[in-house]
1. Are there helices (runs of 4 or more DSSP H) fully within the range 1-83 with at least 1 residues that are within 14 Å of ligand 1 (Cβ to nearest atom), of a type in the set (A, V, I, L, M) and at pLDDT 95 or above? List them.
2. Would you mention how many residues in the range 323-335 are in contact with an Asp or Glu (Cβ under 9 Å, 6 or more places away or on another chain) and under 18 Å from Lys278 (Cα atoms)?
3. Could you grab me the full set of residues in the range 95-135 that are aliphatic (A, V, I, L, M), within 14 Å of ligand 1 (Cβ to nearest atom) and over 28 Å from Ser63 (Cα atoms)?
4. Considering only the range 100-148, how many residues are within 23 Å of Tyr22 (Cβ to Cβ) and among the polar types (S, T, N, Q)?
5. Go through (1) polar (S, T, N, Q); (2) surrounded by fewer than 18 Cβ atoms within 10 Å (Cβ to Cβ); (3) over 27 Å from Gly225 (Cβ atoms); (4) away from ligand 1 (no atom under 16 Å from the Cβ) one by one and return the number of the condition Gln179 breaks.
6. What number of residues within the range 114-151 are under 29 Å from Lys8 (Cα atoms), open to solvent by 10 Å² or more (accessible area, probe 1.4 Å) and either within 16 Å of ligand 2 (Cβ to nearest atom) or of a type outside the set (A, V, I, L, M) (or both)?
7. Could you run through the range 148-170 and say how many residues are more than 16 Å from ligand 1 (Cβ to nearest atom) and among the charged types (D, E, K, R)?
Amino acid sequence: MSEFLQAKDHRRILHVDIDAFYAQVEMRDNPKLRQVPLGIGRDPDQHHGHGVIATANYIARQSGVHSAMGAIEAKKACPNLVFVAPDFDKYRTISAQIHAIFHEFTDMIEPVALDEAYLDVSANKMAAPTLAAQLRHRIWEETHLTCSVGVSYNKVLAKLGSEHHKPNGVTVIPHELAQDFMLKLPIRKFRGVGQKTLEKFEKLGVKDGRDLFAMSLDDLRVHFGSFGDVLYWQARATHFSPVKDRSVRQSVGKESTFEFALHDRAQIEAAFKDLAEKVVANMTKRKLLGRTLTVKIRDDQFKTQTKGITQPTTFDLDPAFMARQAMLIFDELYPDGFSIRLLGITFSNIVEQKYEAVSLFDRF
Ligand code: DCP
Ligand code: MG
């Protein structure tokens, strides 16, 4: 096992989290809220005491007010707490702005919440701490909001980094400091450790990463099942989960089933044209392009065939051209008579239009 531990994880990952997101937005937009304890939620005196606090600014947090706290309880903890109702449309718009900025740095983005994401910047030539500084600058420039960023080689460390100097800070955890960081970490800060796990650890006398490191893999499995493995590797500052890019859809397609089987080539061509128009409308609306066009054909024997064409550049969003490509595939699969019950056209290898504005050929 030890030779595997020596192998370095060479990824460069940022975790970005806006500070007290909803509260900071409301403070930005109303200077009167900047010096007072603020809770985002409905005032219990005006709403029969129902409701919870979505988040609180840092002044209110000093009195113990926190996310998901009941509004009445929050008012008890902080009697002069100012309540502002959440404005989700506004937060979603800002979130989209922030995500557009993320794309200036990388397309490998895993959004976690409206105000939080992992960015894999391994492919970027610039050093990760420089990118973190630039990212914070760009977010400030565009939104006038501060955020905290963690920089490391895996997601767990990047996330712990962003929490380390909150608010408005950057923490870089390089390989040579990571093990020490994890050994000193209180056990409640380990990923996936909730109340139940915490109680078990208390009984075991495990208080921090150092105590956890001392436990064998077998012991951890006995107490925590497969989560034991995760804990074992976390204690060794190792975590291989990739940044899961959910920013772009994997495919866009449309298919039609025919009540009466199609036997005529002209009918097939018209059906493909109709499908292509619908797919193009969808892709245009979503500002997407694709490099792979896949055709699906099912005959009246329920035999289903799919065949695709992949181009080096994205397809032009031209329904007539797509229908011709689909017909080429169709003629290849059904050179003679046919009886077709279903046709479909799907695009995959999807990219967003802004990243593919110039095709390879336009450059010459
Ligand atoms: N949120 C919520 N209910 C929760 C937790 C959060 O509605 N139980 C909302 C309000 C937060 C936003 O999501 O502003 C982001 O959540 P965070 O956990 O990142 O919390 P904050 O951004 O408010 O604070 P921090 O500075 O700790 O990131
Ligand atoms: Mg946040």
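The values are calculated or read from the model by the stated rules, or taken from the named source; none is laboratory data. Nothing here was measured: the structure is a model prediction, and the numbers come from that model. Glycine gets a Cβ as well: all are built from the backbone with ideal geometry, and neighbour counts include every protein chain shown. What goes into the accessible areas is simple: the full protein's heavy atoms, side chains included, and nothing from ligands, DNA or RNA. Shrake-Rupley method; radii C 1.70, N 1.55, O 1.52, S 1.80 Å.
1. 21-29, 58-61, 71-77
2. 4
3. Once the filter is applied, which keeps residues that are aliphatic (A, V, I, L, M), within 14 Å of ligand 1 (Cβ to nearest atom) and over 28 Å from Ser63 (Cα atoms), the range 95-135 yields Ile98, Ala117.
4. 3
5. Only one criterion is unmet by Gln179, namely (3).
6. Going through the range 114-151 one residue at a time, the tally reaches 10.
7. Counting residues in the range 148-170 that are more than 16 Å from ligand 1 (Cβ to nearest atom) and among the charged types (D, E, K, R) gives 0.
For every residue, the table says whether it meets (1) closer than 30 Å to Pro129 by Cα; (2) open to solvent by less than 10 Å² (accessible area, probe 1.4 Å); (3) within 16 Å of ligand 2 (Cβ to nearest atom).
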{"site": "Ile13", "(1), (2), (3)": "yes, yes, no"}
{"site": "Gln24", "(1), (2), (3)": "yes, no, yes"}
{"site": "Met27", "(1), (2), (3)": "yes, no, yes"}
{"site": "Asn30", "(1), (2), (3)": "no, no, no"}
{"site": "Leu33", "(1), (2), (3)": "no, no, no"}
{"site": "Asp43", "(1), (2), (3)": "no, no, no"}
{"site": "Gly51", "(1), (2), (3)": "no, no, no"}
{"site": "Thr55", "(1), (2), (3)": "yes, no, yes"}
